[in-house]
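Read the structure below first, then the notes.
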Amino acid sequence: MSKPSARKPTTIASGYENSIVRCAVALGLVLVGIAWIVVYATVAHDAATFVKIGDVKPPSSPLPWMSDLKNWNYLIGFGLIMIGLTVSADKLTPLGRGRGVVVGMLGCFLIGLIWIVVFYFVGNDLAIPVMQDLGQYNLVVGIAFMAVGFTFATKWE
C-alpha cells in the first residue's frame, strides 16, 4: 500500500499543472488591493484630507484607522495589486506560461504606459480622484506596472 503524497492541490488541464492555491492567492491579492483603494477613495478619503478652518468639525469616518493612514492607503492598495500580479507570474498559474505570459507582460506594460500618459495629459485637469491624490507618484505607479511586466517577461520562453 503506497503512502499518499504530500503535494499541493493541483489540477492537470491541457497538459499543464495548475496550482489552485497560487491562482486563488494571486487573484485574492489583486482584488483586495483594488478594494482597498476603492474603500479609501469612497469612504475614508474626506476625513483624511480635511483641513480644519475655525470651529468646523471634521467629517466622521467609519474607518478612522484608514483615514489616519492618508495616502499610505494607496501604497498598500497598489502594493497588494503588484504583489498579486507578481505571484501570478509563475508556471503554476495560467498567466505564468504560454500565451498567458505574453498577455500578462503586454497588459502590464500597456497599463503602466496608459497610466503615465493619462496622468501627463489629463491627470491634473480632470477630476480623476486617485490621480489627483497621488500627484507625481503616478509615475511610480506606472513604472511599477511596467516592472511587473518585466517579471512576466522573465518567464517567456
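Values in this text are rule-based calculations from the coordinates and carry no lab data. In this text the structure is predicted, and so the values were computed from the model without any measurement. Backbone-built Cβ (ideal geometry, glycine too); neighbour counts: all protein chains shown.
Simple spin-label estimate for residue 42 and residue 86 gives 2.9 nm between the two label positions (7 Å along the Cα-to-Cβ direction from each Cα). Tally Lys and Arg at +1 and Asp and Glu at -1 over the other residues with C-beta under 13 Å from the C-beta of residue 99: what net charge comes out? For residues surrounding residue 99, the net value is +1.
Scalar couplings 3J(HN,Hα) for the stretch 131-147, obtained by applying the Karplus form with A = 6.51, B = -1.76, C = 1.60 to θ = phi - 60°, are 5, 5, 5, 6, x, 5, 5, 4, 4, 5, 4, x, 5, 5, 4, 5, 5 Hz; x denotes Gly and Pro. All C-alpha to C-alpha distances of the stretch 71-157, sorted into 5 Å bins beginning at zero, yield P(r) values of 3, 16, 23, 21, 16, 11, 7, 3, 0 percent in whole numbers.
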